[in-house]
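Quick notes on the structure that follows.
Every read-out reported here was derived from the displayed coordinates using simple, explicitly stated rules and does not represent laboratory data. In this text the structure is predicted, and so the values were computed from the model without any measurement. Positions of Cβ are generated from backbone atoms using ideal geometry, with glycine treated the same way; all protein chains shown enter the neighbour counts.
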Amino acid sequence: MLGPMAIQRMDHVGIVVDDLEAAVAFFVELGMEPEGEAPIEGRWVDRINALDGVRVDMVMLRTPDGHGKVELTKFRSPAAVSAEPAVAPPNTLGLRNIMFAVDDIDDVIARLRTRGAELVGEVVQYEDFYRLCYVRGPEGIIVALAEQLG
């Protein structure tokens with residue numbers, strides 16, 4: 001028997017970017033739909049971030065099914081801090097990728113390449129179930145793509 005519920009659902013994944021326009025274009029090309037955008041600032045955002053003078057531009061995108069969301073945030077102040085190395089490999093500690101189920105992995109890769117994306121490794125087949133790959137997009141963001149077979 002399960003105990004009390006700790007969460008209701010996963011709401012969204014937040015990604016801090018420097019080039020908000022390029023990141024939005026990348027995720028729209030992937031098939032996500034813009035849901036809203038806004039400048040955010042105020043004491044409440046300072047308090048939640050434990051930073052003073054926070055001013056950001058934020059864009060929220062959703063998956064076509066409406067269940068998954070990505071929040072892209074560009075810090076106006078204070079300046080964003082770069083991670084080292086800037087193009088981290090997939091075995092770097094921390095959040096490294098977001099996986100999306102796609103209909104046609106080759107088509108998605110071709111479209112994302114027009115937005116500067118590159119394969120991290122190669123497209124591989126996992127048994128008779130999936131074709132999988134990692135794609136690196138703007139800001140070094142890694143998205144995993146999975147095409148279900150059969």
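Data table
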read-out	value
Cβ-derived FRET efficiency at R0 25 Å, TYR130 paired with VAL28, nearest 0.05	0.55
Charge dipole magnitude, Cβ of K and R +1, D and E -1 - the chain, Cα centre, debye nearest 20	500
Pairwise label distance in nanometres, ALA38 with GLU84, each label 7 Å out on the Cα-Cβ vector	3.7
Net length gained if the chain between ILE7 and ARG111 were fully extended (0.36 nm per residue, minus Cα distance)	33.9 nm
Proximal charge balance of GLY116 [Cβ under 13 Å; K/R count +1, D/E count -1]	-1
Ascending count of other beta-carbon atoms within 10 Å, so fewest first, for PHE129, PHE75, PHE26	PHE129, PHE75, PHE26
Top of ALA110, ALA23, ALA86 by mean-square fluctuation, Gaussian network on the chain, Cα under 10 Å	ALA86
Cα long-axis angle, helix 20-30 against the chain (0 to 90 degrees, to the nearest 10)	30
